[in-house]
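Structure first, then comments.
The values are calculated or read from the model by the stated rules, or taken from the named source; none is laboratory data. Predicted, not measured: the structure shown is a model, and the values here were computed from it. Backbone-built Cβ (ideal geometry, glycine too); neighbour counts: all protein chains shown. Side chains included, ligands, DNA and RNA excluded: accessible areas come from the protein's heavy atoms. Shrake-Rupley method; radii C 1.70, N 1.55, O 1.52, S 1.80 Å.
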Amino acid sequence: MTASGNKILLKFKNHWRLKLWLEIFFYAIGSAILIYFMFHNIIFCATAFIVVGIVVFVFINPQKIDLQEVSKYIDQHLSSAEYSTSLLLLPQEHLSGVAKLQQYKIIKELNENLRIKPPDRLIRGAIVLVLLVLIGFLVHQFDLMNILSESNQPEAPSEQIVFTPTDSTSVKTPAPILESLLLKIKYPGYTGLKSFQTSEMDVKVIEGSKLSWEMKFDTDVASVTMESIGSSYPMNFSEGKYKRTSTASSSGFYSFKFIDKQGASYVSELYSIEVQKDQKPVLEIKNIKQFTSFSFDQNKNLAFNTLITDDFGVTNAYIVATVSKGSGESVKFREEKLNFDTGVVVGGRRQNLSKNINLDLMKMEPGDELYFYIEALDQKQPKPNISRSETFFAVIKDTITDQFAVEGTMGVDLMPDYFRSQRQLIIDTEKLLKDKAKLITQQFKFKSNELGFDQKVLRLKYAEFMGDESEFASATPESVETHEGEEEHDDEDPLAAYTHKHDTENEHNLVAEEGAKEEDPLEEYLHNHEDPEESTLFTQSLKSKLRQALNEMWDAELYLRLYQPKKSLPYQYRALKLIQEIKNSARIYVHRIGFDPAPIKEDKRLTGKIKEVSGFQKSEELSQPVVYPFIRKAIFKLEHLIQNKEAVSDNDRKLFEKAGNELATIAIENPGKYLKTLQQLKQIAEIKGISTSVLPEVQRGLFLAIPEANPNPIKKEKVNSDINQLLLKELEIND
């Protein structure tokens, strides 16, 4: 009986505690969401969740609910229990007969009529959660945090902008005074940078930032415009201020211009906006080689680490893998997108990810190849920047090779499958020379020797097409017999295996032997198939070229074995050139069908009559396009104005305005160098009656802005005096 009663009370206690824990979770998660909307920081969000959870736990404390508390609550809310629920907590050995009877009655009552539920305040917790989430959403939607921070900050001292009248003769009343000028900069949300306001008009911002200008004058003006590189944008009047909002997409220059009620116009100085691009993620792959090969019985795992860094955080990174099966025309490709073993933290600026690729799980077989690269995306909106790593390769070696049998009725493919190998050797040799400073001497010599071995293998492959015996072939019994009286030489040349002795081994061909058979004069023009030296798969011209390529490979291998890859490169290039010529000579060129000339009239041929033959002459003058024509014209006009001390006319102002637009395109890349010249040129173009003292300085700045012209070869006239002619004549006589 007691066990059954304890189970009822224990179930009631667990239900009560669960509701209290759920209430604590509502308060904590609501506070965390509010903090995230306000500050957009995961650390602040997690801290708020933990702190609020601990504070609410101290006040609610679900652990204080025990069986005694449960029995008191049931006695107070269930009249049929007759305040005897505590009897369920006592052992039957300590109870009298009446108490045992009452205990049995209470258990029966609780099993049949226990309809009360533990007290909870889940509705209140849910309401608080909804209110906190709603407040956070409104703060994020209307950017209330930035508004509050701007209102609490002391107003920055306004930069003094001087407006100059464009025509001083038309000014009849005092110019309106600029009371306040403010520029608000709001960075894109994904950057996590706080918005701010400033009175400085020369700014550097991130691409996609929102710029808002506000201007207020002491009196009413007719209109206010913002001018930027030949374009004019009117500013809207609202709440007593002139406002304009723009999104920064490219660097440039701008100025303000307003017209007062009397029609007089005023213009400000020129200001710059420098837009910084969001950089692409930077990928660094570690602990893996560019090419990896596995035997069939090896553990075929590719393990590597990838370090990804970005200025404003990475949003995703993955591996694009392609598996190729088969060869030739039957090759098949399968592409998969793989995730890293360690998850990508969205928004992390520096992430170290790892991956272990099992080729068996990729369902790869011997002879299959794996190509993969890594892509990373940052948080830029609306279109993220994407970075891609170099491609890595992995292959499972195929131990089974097919041998071709050539029959009389079968066609023969004369071209070997190794034409790209020599090019790869050149690339590897150049890379070795480039990395020489980073390698120790032992590593450099080891890699050079490895390249020499690869060159040797390639040479042997080509030698098979010449009918040469392979160096790996087993020796015949005759070649290993030791003849009596034959001296064995131990002191052999260590470079004999890597040199090509043209002068010593070929001497018997240069000196006629006594009793030699008289040579056939037509022998060199015949192709004797019975001669094993002539029975190759190539024609005579291809054979000679291939022999030259093998000779070049000999010398290239020699210098690689001597740890001198720089001297080996010229021989490798010559070998590659010869191989390419062999490949091109095997191509078949089809004669192009073109113009069919009329047949020659034999009665007029070789008569020498050219009366009806007319010549053709064409003359054409080639000229280079003029770069920045208005800047060049402005330089000549400034020179004219400086020499003649003339005033600037309206036509001159139009020319200077066009020259300013050209100069602005140059100054975008280097605003600090040309900004002053651009401001002065704008003043000359827009302000009437300006002093001509600034004209030489403007002309000097325009000269510096013109790029240097490319040299144009022309014929120069030579001026020779009589003395020079006599000197040249004497030199010719005495030559």
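Would you be able to tell me the number of residues in segment 193-223 that are out of contact with any Leu (no Cβ under 9 Å at 6 or more places or on another chain), closer than 30 Å to ASN385 by Cβ, open to solvent by 40 Å² or more (accessible area, probe 1.4 Å) and free of Cβ contacts under 8 Å to residues at least 60 places away in the same chain? Looking only at that region, the number is 4. Based on this model, can you work out whether GLU284 counts as within 30 Å of ILE687 (Cα to Cα) and open to solvent by 40 Å² or more (accessible area, probe 1.4 Å)? No, not satisfied.
Residues in segment 600-641 that are open to solvent by 100 Å² or more (accessible area, probe 1.4 Å) and either of a type in the set (Phe, Trp, Tyr) or in contact with a His (Cβ under 7 Å, 6 or more places away or on another chain) (or both): PHE616, PHE636.
Mind checking whether some residue in segment 152-162 is closer than 23 Å to TYR271 by Cα and at pLDDT 65 or above? Before the answer, list the steps.
Applying the first criterion (closer than 23 Å to TYR271 by Cα) to segment 152-162 yields 155-162.
From what's left, at pLDDT 65 or above: 161-162.
Yes, that holds for at least one residue.
When GLN679 is tested against the conditions (1) among the polar types (S, T, N, Q); (2) out of contact with any strand residue (DSSP E or B) (no Cβ under 9 Å at 6 or more places or on another chain); (3) open to solvent by 20 Å² or more (accessible area, probe 1.4 Å), the lone failure is (2). The residue list LEU134, LEU110 contains one member that is at pLDDT 70 or above and within 26 Å of ILE65 (Cβ to Cβ), which is LEU110.
Mind checking whether some residue in segment 9-22 is more than 27 Å from PHE312 (Cβ to Cβ), without any contact (Cβ under 8 Å) to a residue 60 or more places away in the chain and touching a Pro at 6+ places or on another chain (Cβ under 6 Å)? Yes, segment 9-22 has at least one match. Screening ALA376, ALA405 for residues that are modelled with pLDDT of 85 or more and hydrophobic (A, V, I, L, M, F, W, C) leaves exactly one candidate, ALA376.
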